[in-house]
Structure formats: structure tokens, C-alpha cells
Amino acid sequence: EILARQHEATIAPLAAQTGLRIAVLTGRDKGKPREDMLGAITRGEVDIVIGTHAVIEEDVAFKDLALVVIDEQHRFGVHQRLALASKGRQPTDLLVMTATPIPRTLTLALYGDMDVSKLDGKPPGRKPVQTVLVQQERIEEVITRLKAALARGARAYWVCPLVEESELVDLANAEERAAMLRERLPGLVGLVHGRLKAQDKAKAMEAFQSGATRLLVATTVIEVGVDVPNATIMIVQEADRFGLAQLHQLRGRVGRGAEQSYCLLVSRAREELTEGAIERLEAMVATTDGFELAERDLEIRGEGQLLGARQSGFSDLRFVRLRRDQNLLERARDVARDLGSEGLLSDDVDRLLGESEHLGES
């Protein structure tokens with residue numbers, strides 16, 4: 001919902017200049033106001049609907065849906081994306097946006113089912129976020145340095161995996177961490193998580209954006225849609241519990257202004273981590289490129305099912321490795337596209353077989 005409201009603020013002035021009518025639909029909308037909005041959408045009285053997952057529900061019907069834009073696509077399931085695109089009477093154009101493509105997206109792009117446009121430059125004046133690994137035992141040192149930074153006027157996020165303490169899972173939790181930090185940093189700490197009421201969530205965000213609070217303790221509810229250019233420090237506790245896409249999205253909450261920003265990934269000692277966790281954390285330190293991280297994610301988690309709903313895990317292909325054989329796949333796709341106009345020549349087949357000899361050797 002935070003992201004939907006942010007898009008509304010960006011799109012509204014543009015829509016006003018062109019006479020387009022916009023509406024925002026979220027899970028907060030209930031009763032008569034929601035019924036009125038759904039009626040306006042069905043009758044075509046709204047040109048652009050900005051919404052959360054609420055727009056996927058069955059009772060949301062469009063008069064003539066032509067374009068679906070899905071932002072932060074890793075937050076949507078396969079069936080959810082298909083359900084949204086199928087709401088059009090005619091074939092609907094689909095634009096998918098993300099800072100970190102999930103493995104399945106890379107796979108679809110390789111197979112030619114999705115065209116990719118890549119924006120690989122930062123806005124003018126922005127610097128790459130410096131990312132470091134910090135072991136949990138150094139948490140007191142982190143707090144001391146954080147206190148000094150906040151005293152200089154810096155703003156920071158502290159992200160925890162859970163909302164409240166759980167007897168079953170021993171992870172850092174937002175409420176407990178916020179209480180501890182409020183004792184150490186009185187008057188500076190805010191808290192936001194998904195279980196807060198919408199108005200309380202909005203108040204916490206407004207206080208952080210205005211500088212009334214300088215440290216925002218949060219869960220991954222801030223992963224998308226939060227834009228505070230003055231925030232320069234991101235601390236992720238139990239970072240080894242997060243996926244690559246989540247870590248990259250969280251890191252993207254800082255480095256949005258001209259000041260140098262930092263991301264601290266706090267985790268257990270290396271010998272306590274799984275091999276996959278170590279690979280994820282090392283990849284985060286090595287690069288800030290979302291596509292490169294997505295390729296590492298593809299190697300670690302697998303590409304999922306091309307013709308199914310699973311978005312991770314390794315496919316049933318026995319010889320082909322999508323990243324290693326990307327060039328071969330692209331050549332095969334080009335030949336397949338030529339079939340419609342020129343037909344497949346025997347020379348093309350011979351050339352492709354020659355390039356794929358390493359598969360036969362496997």
C-alpha cells in the first residue's frame with residue numbers, strides 16, 4: 001500500500017495534465033466506497049487503476065483492460081500475474097518491473113518469451129552503496145557507531161525478520177529490537193511493520209521522512225515503495241535469513257540521495273551458516289548490479305518450472321545449464337523466429353548441432 005500511494009503521488013500530476021482519470025484500490029477500501037470504485041472501473045470511468053494485490057480479486061472487472069504494469073514482480077506469484085493479465089477482453093500487454101529479476105524471469109527472457117529492457121545507470125549524483133558483513137557478536141559496536149551517526153543528523157533503517165518474539169523461531173524481532181534501541185537512543189526510534197493499523201503505519205513513516213525520528217526499526221514492509229533520500233544507513237539483522245532479491249531491495253532503500261550510503265548485513269558466524277547463505281551474502285558484498293545478483297540467484301536457487309508455477313528450484317533439463325548455454329539458446333531462438341518467414345535450412349541445423357557438441361559429450 002505504501003508503494004501504491006507513492007505511485008499515485010507521482011502519476012496524479014501527469015494524469016491531471018492529460019485529462020486521465022486515476023483511482024487507487026487497496027485492501028483498506030471497504031463497503032460502499034469500494035463498491036462505488038469497482039462500479040466506476042467496470043464502466044470505464046477510470047483510465048488508470050493503481051492498486052495492490054487487491055486488484056487481482058475476482059470482483060474487480062475492467063471495461064477494456066489493455067495494459068498491465070506489475071511493479072516489484074518478485075512479490076507476485078505466477079497465477080497472480082496471469083489472473084491480472086487475463087482480466088482484459090483482448091490479449092493484454094504486460095510490462096513487468098523490478099530491481100532484481102527472479103530466476104524465472106531470466107529464464108523466460110532466455111527462452112524468448114519476454115523482452116528485456118535494462119536501465120543500468122544510476123540517477124545523476126548517486127553513489128554505489130557500500131556493503132559490509134558484520135558478525136552478530138559485534139552488534140554493540142554497530143549501535144555505538146550508529147548513535148554517533150544519528151547525532152550528526154543521519155537517518156537509518158534497522159530491519160528484522162519477525163514482528164514479535166516467537167518461541168519456535170529464534171530470530172531478531174522488530175518490537176523487541178525497537179524497545180532495546182529506544183532505551184539506548186531515546187526519542188530517535190520509530191517502528192513500522194505489517195501488523196500495524198494503516199494510520200499508525202503512515203504516522204511512523206511520516207515521522208521518519210520529516211526527521212522527527214531518525215532510526216526506523218522495521219520488517220520487510222519497507223522493502224518496496226519507501227523513498228527517503230536522507231536515509232543513508234541500512235542495517236539488516238539476521239541477513240542470512242533473507243533471499244538475494246529481498247536483500248537487494250532493502251539495500252535500495254538507501255543511496256537515494258547524494259550522500260554516501262552504507263548497508264550492514266548482520267549475521268551469525270560463518271561456520272554457523274549454510275553454503276547458500278554464505279553465497280548470498282558474498283554476492284551482496286561483491287556487486288550492486290540487480291541483473292548480476294539475479295544471475296547468481298539463478299545459479300543458487302534454480303530457474304523453476306518454465307511451464308509450471310514453481311518460480312525456483314532446478315528444472316528437469318538434464319544437460320542444459322541456462323546461464324552457461326545462454327548464447328546457444330539465443331542462437332536457437334533466432335533460428336526459430338526465422339521459421340515463419342524463411343523456413344529452416346539444413347545449414348542452420350548443422351551449425352546449431354556443431355555449436356552444441358559439448359552437450360553430446362555431457
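With the requirement that a residue be part of a helix (DSSP H, G or I), open to solvent by less than 20 Å² (accessible area, probe 1.4 Å) and either touching a Ser or Thr at 6+ places or on another chain (Cβ under 6 Å) or more than 24 Å from residue 123 (Cβ to Cβ) (or both), what does the range 238-275 give you?
Hits for the range 238-275 are 239, 240, 245.
Exactly one residue out of 26, 10, 42, 18 is open to solvent by 40 Å² or more (accessible area, probe 1.4 Å), farther than 17 Å from residue 96 by Cβ and touching a Lys or Arg at 6+ places or on another chain (Cβ under 9 Å), and it is 42.
All of 239, 212 fail the test of being within 18 Å of the chain's Cα centre (by Cα) and small (Gly, Ala, Ser), apart from 239. Restricting the search to the range 89-130, which residues are modelled with pLDDT of 80 or more, farther than 24 Å from residue 65 by Cβ and not in a loop (DSSP other than H, G, I, E, B)? Within the range 89-130, just 130 meets the criteria.
The values are calculated or read from the model by the stated rules, or taken from the named source; none is laboratory data. Please read these numbers as outputs of a predicted model, since none were measured by experiment. No Cβ is skipped: glycine too gets one built from the backbone with ideal geometry, and neighbour counts run over all protein chains shown. Remember, those area values only see protein heavy atoms, side chains included, never the ligands or the DNA or RNA. Shrake-Rupley method; radii C 1.70, N 1.55, O 1.52, S 1.80 Å.
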